[in-house]
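Written out below as structure tokens is the structure these notes cover.
All of the numbers you see were taken from the coordinates with simple rules; none came from a lab. Everything numeric in this text was worked out from a predicted model, so none of it was measured. All Cβ positions, even for glycine, are placed from backbone atoms using ideal geometry, and neighbour counts span all protein chains on display.
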Amino acid sequence: MSQSDEPGTVRDLQDSIQKIIVGKPEAVRLTLAALFARGHILIEDVPGVGKTTLAHALARSVDCSFQRIQFTNDLLPSDIVGVSVYDAKKGEFEFKPGPLFANVILADEINRTTPKTQSCLLEAMNEAQVSVDGRTYDLPRPFLLMATQNPVEYHGTFPLPESQLDRFIVRLEIGYPDLKDERRILTGTNPAHAVASLSPVMHARDILALQDRVETVRVDESLVDYMLRLVHRTRSSDLIELGISPRGALALHRLCQAFAMVEGRDYCVPDDVKKMAIPALAHRLILSSKVSPTGRGSDQTVEILSEILDAVPVPV
């Protein structure tokens, strides 16, 4: 794939997904940026706005394997990762891979399962591998975990721990469509049928090549300093108990590179940082008890982070 073809190829993938996810170009671009940055996505929104459909549309648009895992409170780690089964003929244990062994994983309602089961995803998300009975197994590449959760309903849920939230490169919200776009949804093809009709516009090897190319996107030293000032401001704020970790800073840097590539550029600009800061950083913050008794609060973290963005000078 030549460099001149690259923006068109990325645009084809974006257009394919937007045939299904109507009126949400920012959410689609952010999803692609996370994919190309080798990250994972937490989609936090109310039911029925297209969280599951977005994952299906991405998987159908890319010639990759796809698995949907419905998380429930009785789900076990072995149900996800796999299990070793004794083969009497061979006289040895044989590993049977679980649904986690796919390129695109939809972890539906991830906060409905227990912390023990949630924690089995940490190694997969961080290193694209799993360990079972003392042996390590590589997951397919590319590997993307798209997790969904409902921010409104808390009965029977287990909030994700900080260590797991820190491994999602972005948290995004899809939101309700406007009147015009919702009319298109109502009068158009059934979303399930529309997703099934999608044809792949990109192969797994193309995704891997684009992920490698992200690392070549230029980030000026002034932008690196800008990111560092934002990160360090979160660590010194009286309103924030736990600021952004070095992993979070790396995620912001890589996501800005990927977003620039999605936009068709081989260099980052200050607007990339401003656009990616909240999706990449807000879910990693723990607020002070005087702001939020639980340390969490989507609207509050976004508001505080927005104030930090306004206060830190943007490089010219």
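Of Lys180/Lys274; Lys24/Lys275; Lys19/Lys180; Lys19/Lys51, which ones are farther than 18 Å apart at the Cα?
In this structure, Lys180/Lys274 lie more than 18 Å apart at Cα.
Asp45's amide H: which non-local residues (gap 5+, or another chain) put their own amide H closer than 5 Å, with H modeled 1.01 Å from N in plane and none for Pro or chain starts?
Amide H to amide H, under 5 Å and 5 or more residues apart or across chains, Asp45 pairs with Gln149.
Please work out the C-alpha center-to-center distance from the stretch 210-236 to the stretch 130-147 and express it in whole Å.
Going from one Cα centre to the other spans 28 Å.
Check which residues have an amide H placed less than 5 Å from Phe93's amide H, if you skip close sequence neighbours.
Asp87
Taking only DSSP H segments of four or more residues, each worth -39500 (n - 2.57), what value at 222 nm results for the chain once the sum is divided by all its residues, to the nearest 500 deg cm²/dmol?
Mean residue ellipticity, 222 nm, calculated: -13000 deg cm²/dmol.
How big is the charge dipole of the chain about its Cα centre, in debye rounded to the nearest 20, if each Lys and Arg gets +1 on its Cβ and each Asp and Glu gets -1 on its Cβ?
Approximately 260 debye in magnitude.
Can you tell me the length gained on complete extension of the stretch Ser197 to Asn150, counting 0.36 nm per residue apart and subtracting the Cα distance? Don't skip to the end; give the middle numbers.
Details: separation 47, 0.36 × 47 = 16.92 nm, distance 2.80 nm.
Gain in length upon complete extension: 14.1 nm.
Under a 5 Å amide H to amide H cut-off, with H placed in plane at 1.01 Å, what residues pair with Gly82 once short-range neighbours are removed?
Gly98
Assuming a ≥ b ≥ c are the square roots of the Cα gyration tensor eigenvalues, decide whether the stretch 215-316 counts as rounded (a/c under 1.5), prolate (otherwise, with a/b larger than b/c) or oblate.
Numbers: a/c = 2.32, a/b = 2.01, b/c = 1.15.
Prolate.
So for each of 78-84, 106-112, 195-201 I average, over its residues, the number of other beta carbons within 10 Å; can you give me the resulting order with the highest mean first?
106-112, 78-84, 195-201
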